[in-house]
1. Can you figure out the FRET efficiency of T84 with N141, using R₀ = 30 Å and their beta-carbon distance, to the nearest 0.05?
2. Below 8 Å between Cα atoms, with a sequence gap of 6+, how large is the relative contact order for region 75-141 in percent?
3. When the Cα centres of region 115-165 and region 66-86 are compared, how far apart do they sit, in Å?
4. State the extension gain, in nm to one decimal, for the chain segment bounded by S33 and T126, taking 0.36 nm per residue of separation less the distance between their alpha-carbons.
5. For the pair F164 and S67, how long in nm is the line joining their label points, each one 7 Å along Cα→Cβ?
6. From the gyration tensor of the Cα coordinates in region 34-161, what semi-axes in whole Å does the equivalent ellipsoid have, largest first, with each one equal to sqrt(5λ)?
7. Taking 0.36 nm per residue of separation and subtracting the Cα-Cα distance, what length does fully extending T94 through S107 add?
8. Please compute the contact order of region 34-161 in relative form: average sequence separation of alpha-carbon pairs under 8 Å and at least six residues apart, divided by the residue count, as a percent.
Amino acid sequence: MKLIKLTALSLLLTGSLFIISSCESDAELRRTSDYSKTGIMLTGANETPATPTTALGTLDVSYTKSSKILSYTINWSGLTGPVTAAHIHGLAPTGYAAGVLQSFSTSAIVKCPTVSNTSCGTYKGTLLVDDVVVKEDNLLNGMYYVNLHTATYPAGEIRAQIRFQ
């Protein structure tokens, strides 16, 4: 009888350890497959070539490997005028320019309610990381960027590199 109790206790402890280690594996998997970064600065100094604007913005990004979706929110203020174009560009490291991957609809921009002009606002969107045009390795290595264009700066007034580090 004592042998049966010891065997049952041993099996119970082994099962509990398996469950605990199983949960740790799931947590580890989520930690390495979900990425996010908030407060990435959009500035004129980040543009190529740099602009002398005093406008500022922030970029919040998140990416989940399982869905292959990059979600982003851009907030800005102090632009020299309304946004005439906004894009995600790539492939380009910091300091280099690249072609447009995704254009944002300027009609979807939410303008700041407390400011009477259109020099500030918010835009939210998503981008599919299809591993053909937009590649996951390039995204995770900071090879794409966001910039906002105005009439004063048609090549881009402020820019931020999409980075998760």
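1. Working: r = 30 Å, r/R0 = 0.99.
Efficiency, rounded to the nearest 0.05: 0.50.
2. Numbers: 81 pairs, mean separation 22.2, N = 67.
Relative contact order comes out at 33 percent.
3. Their Cα centres are 6 Å away from one another.
4. Details: separation 93, 0.36 × 93 = 33.48 nm, distance 1.72 nm.
Answer, rounded to one decimal: 31.8 nm.
5. Simple spin-label model gives 1.4 nm for this pair.
6. Working: eigenvalues 112, 52, 29 Å².
Working through the eigenvalues yields semi-axes of 24, 16, 12 Å.
7. Values: separation 13, 0.36 × 13 = 4.68 nm, distance 2.84 nm.
Full-extension gain reported as 1.8 nm.
8. On the way: 308 pairs, mean separation 39.7, N = 128.
Over region 34-161, the number comes to 31 percent.
None of the figures in this text is laboratory data; all of them are computed from the coordinates on show. As the structure is a computational prediction, the values presented were derived from the model and not from experiment. Cβ coordinates were reconstructed from backbone atoms using ideal geometry, including for glycine residues, and neighbour counts include every protein chain displayed.
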